[in-house]
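Single-structure report; data block below.
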Amino acid sequence: MPFENARARTMEDLLNLINGELRPAVKGHWMDVHRPATGEVLARLPKSTADDVELACVAAEAALPAWKAMGREGRSQVLLELARLIEADLEGFAQLESMDNGKPLSLARKVDIPRAVANFRFFATAIIHFSSEAHLMDDVAVNWTDRQPIGVVGCISPWNLPLYLFTWKIAPALAVGNCVVAKPSEITPCTAFRLSQLCAQAGMPPGVLNIVHGSGAEVGAAIVAHPRISAISFTGGTRTGAEIARVAAPMFKKLSLELGGKNPVLVFADCDLDEALDTTLRSSFTNQGQICLCGSRVLVQRAIYDQFRDRLVERVKRLRVGDPSDPSSDLGAVVSHDHMEKVLSYVKLAQEEGGRVLCGGERVRLDGALSKGWYIAPTVIEGLPEQCRTDQEEIFGPVISIAPFDEEADALTKANNTPYGLAAVIWTRDVQRAHRVARSLQAGIVWVNCWMVRDLRTPFGGVKQSGVGREGGVEALRFFTEAKNVCIKL
Ligand code: NAD
């Protein structure tokens with residue numbers, strides 16, 4: 001099996017999974033995958049085109065009747081077996097995810113791969129309990145809601161939580177009986193490939209899940225534009241989401257768009273300061289700040305501002321940027337050279353806009369084989385003017401801004417003052433304030449006195465430019481099915 005010994009191997013060829021077969025792109029072209037820790041080439045992936053998407057779509061359509069006929073129990077068994085196989089190989093998956101993405105191996109072991117397992121288990125069992133509604137009209141008629149799979153659906157995912165977000169989409173899509181044409185990010189395709197090697201063993205019929213590797217501009221665009229792919233579940237950048245909507249909306253496709261964020265963290269003076277500091281450190285810099293849910297604008301009530309800022313900066317300076325496979329590294333590498341340049345360009349912009357860099361702000365050069373890796377020192381910026389680009393645009397790296405606020409209303413105005421509305425965090429001991437502020441925040445997800453505590457049953461998604469629709473729990477099962485009302489006269 002490729003990547004059998006992930007530590008020792010550096011160069012591998014990944015393959016598409018189409019109709020149960022692992023195969024290169026039809027045109028035989030390849031593109032490189034890099035290892036962020038060292039900057040070296042890690043693998044090649046098929047540079048697929050619309051031809052490969054067409055093959056995948058034909059295979060998916062052909063597989064629909066058999067997958068549907070397996071019934072929810074049968075499909076559930078396959079997904080549970082897939083979860084078991086990933087879990088049995090957790091270490092191999094975690095090492096590959098860390099190598100491909102640059103994230104600390106400890107994080108991949110603790111979060112990414114366990115969550116991919118949980119995604120399959122959750123939706124494999126959710127489908128067993130998924131019930132349709134009935135509406136009785138007294139003695140006139142009874143309505144019942146028939147929920148059928150859509151058919152062939154497209155799932156497109158980003159690089160920051162590769163297997164975690166890939167499985168978050170394909171698990172519910174498959175559980176309800178769809179067949180899938182999926183595209184992982186071309187920047188981090190390795191664990192999706194490893195997953196594709198397990199599908200047959202899990203008992204998944206050929207064609208049910210097809211994974212087509214390649215660029216967004218070719219493969220992603222071909223999935224979105226394909227006339228027989230009837231729904232698109234997309235997670236990625238807001239600009240890409242807008243392009244997908246432009247193409248898919250006139251084709252009347254069902255669309256779920258999970259997009260960017262610029263999440264505020266509101267720290268009120270009455271909070272548990274130690275806990276707020278500990279968690280803000282995590283919510284700012286976990287995965288090098290490359291989580292859509294990371295808080296990137298820390299707003300602190302003036303009475304505790306200086307104390308909170310000084311203690312936070314002191315803690316940030318102690319964070320270790322290092323080899324992702326070293327358990328003592330708090331931050332690994334950012335995902336690509338281009339992304340590193342983009343993040344650093346925002347630090348420069350922040351300074352031009354009047355911001356002061358309190359710590360970090362530069363590329364970190366490690367020794368030896370890691371000297372060409374893409375590392376950035378965790379960065380805190382203060383003194384930015386309101387409405388500046390640094391505080392309006394998504395940076396998606398280990399860079400946060402910090403600013404004071406006076407009263408609750410001021411905090412809310414500042415928090416809501418971006419085009420985004422994905423997540424927000426509130427730190428306070430005042431329950432009434434927590435409720436009030438949570439209800440007034442323009443965000444799809446609000447955490448009070450915690451961060452990234454996830455119950456997979458809850459609706460997940462954003463407002464404004466952070467997206468359209470919700471994933472998670474019953475929302476995902478509903479998205480991936482078509483509702484039909486059947487009205488029967490009594
Ligand atoms: P991206 O938009 O560049 O790419 C995401 C995926 O879309 C990739 O697989 C890419 O190949 C594909 N793609 C690119 N162009 C396409 C096109 N024209 N048609 C179809 N597919 C196309 O995003 P990224 O850089 O991979 O990921 C980072 C972004 O994802 C950030 O903005 C982050 O906030 C966002 N994100 C959001 C969530 C969420 O749940 N809201 C979660 C994680 C990441």
- Being within 8 Å of the ligand (Cβ to nearest atom), over 21 Å from Ile229 (Cα atoms) and touching a Cys at 6+ places or on another chain (Cβ under 8 Å) is the filter here, so list the residues in the stretch 159-190 that pass it. Asn160
- Message: Consider the stretch 452-470. How many of its residues are surrounded by fewer than 21 Cβ atoms within 10 Å (Cβ to Cβ) and within 15 Å of the ligand (Cβ to nearest atom)?
- Response: 10
- Message: Restricting to the stretch 285-306, and then to whatever is polar (S, T, N, Q) and assigned to a strand (DSSP E or B), can you tell me which residue is farthest from Asp274 (Cα to Cα)?
- Response: Ser296
- First in the stretch 128-148 and in the same structural domain as Leu79 (by TED's automatic domain parsing), second anywhere and in a strand (DSSP E or B) and of a type in the set (Ser, Thr, Tyr), Cβ under 7 Å, 6 or more apart: Ser132/Thr145; Glu133/Thr145; Arg147/Thr481; Gln148/Thr481
- Note on the structure: Scanning the stretch 227-262 for residues that are on the phi < 0 side of the Ramachandran plot, assigned to a loop (DSSP other than H, G, I, E, B) and away from the ligand (no atom under 11 Å from the Cβ) gives Pro227, Arg228, Ile229, Ser230, Lys253
- Pairs, please: C-beta under 9 Å, at least 6 apart or cross-chain, first residue farther than 27 Å from Asn101 by Cβ and in the stretch 303-329, second modelled with pLDDT of 95 or more and among the polar types (S, T, N, Q)? Phe308/Thr280; Phe308/Gln301
- Single match in Arg75, Arg44 (criterion: crowded, with 16+ Cβ neighbours inside 10 Å, at pLDDT 95 or above and under 26 Å from Ala126 (Cβ atoms)): Arg75
- Message: Looking at Lys414 and the list (1) surrounded by fewer than 15 Cβ atoms within 10 Å (Cβ to Cβ); (2) more than 16 Å from the ligand (Cβ to nearest atom); (3) among the basic types (Lys, Arg), which single condition is not satisfied?
- Response: (1)
- Every listed condition ((1) within 26 Å of the chain's Cα centre (by Cα); (2) among the basic types (Lys, Arg); (3) not assigned by TED's automatic domain parsing to the domain that holds Ala134) holds for Arg478 save (3)
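The values are calculated or read from the model by the stated rules, or taken from the named source; none is laboratory data. No experiment lies behind these values; they were computed from the predicted model shown. Note: ideal-geometry Cβ built from the backbone for every residue, glycine included; neighbour counts use all protein chains shown.
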